[in-house]
Each structure stands twice: as structure tokens, then as C-alpha cells.
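Below: the structure, in C-alpha cells.
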Amino acid sequence: MTEFTTGIHNACMTILKSSSFTLALIYTFGHIVISMTVIYFMTGATLFEAGIVALVEPAINGVWFYILHSLWRKLK
């Protein structure tokens with residue numbers, strides 16, 4: 001591995017070993033951005049409208065992910 005890919009790998013491993021809350025926030029933010037982009041291109045909605053719609057489902061998924069990851073770490 002090059003120095004660059006080693007640094008990226010180490011950063012990813014640090015994030016994955018961090019708290020469930022931090023990981024859930026990163027997951028939720030990414031999910032919202034992806035949902036907003038898909039809604040924007042598929043429906044032609046404005047970015048504001050796509051953002052409002054995209055906040056609901058990913059926010060619920062983020063809570064579920066936090067619970068799931070917390071349980072996974074306790075059982076592991």
C-alpha cells in the first residue's frame with residue numbers, strides 16, 4: 001500500500017472503531033445526501049423539496065443503525 005492508501009485505511013478503521021453515535025451520524029449524513037440526490041434527479045423536485053423528503057427516511061434509518069451498532073458491539 002502507498003502512504004496515501006495506508007492513511008485512508010487507518011482513518012476508516014479509526015472511524016469504524018469509534019462510538020456508535022459517531023458512526024451513526026456519518027451513516028445518516030451520507031444517506032441523506034444520497035436520498036436527496038436520487039429524489040432530485042428522479043422527480044425533478046427542487047433541492048429544498050428533495051432535502052425535506054430525504055430527511056425523513058434516513059433519519060429513521062440513522063436511529064435504527066445506532067441501535068443496531070450498539071447492540072452489535074455489546075454482543076461482540
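The values are calculated or read from the model by the stated rules, or taken from the named source; none is laboratory data. Just so it is clear, the model here is predicted, and its values are computed rather than measured. Positions of Cβ are generated from backbone atoms using ideal geometry, with glycine treated the same way; all protein chains shown enter the neighbour counts.
Restricting attention to segment 37-54, and to residues there that are over 30 Å from residue 73 (Cα atoms), part of a helix (DSSP H, G or I) and aliphatic (A, V, I, L, M), which single residue is modelled with the lowest pLDDT? Going through the qualifying residues, I end up with 53.
Among the conditions (1) more than 17 Å from the chain's Cα centre (by Cα); (2) without any contact (Cβ under 8 Å) to a residue 24 or more places away in the chain, residue 53 misses just one, which is (1).
So, of the residues in segment 15-52 that are of a type in the set (A, V, I, L, M) and crowded, with 17+ Cβ neighbours inside 10 Å, which turns out to be nearest to residue 67 (Cα to Cα)? In this case the residue turns out to be 24.
Restricting attention to segment 11-28, and to residues there that are within 21 Å of residue 60 (Cα to Cα), assigned to a helix (DSSP H, G or I) and small (Gly, Ala, Ser), which single residue is modelled with the lowest pLDDT? Within segment 11-28, the match that is modelled with the lowest pLDDT is 20.
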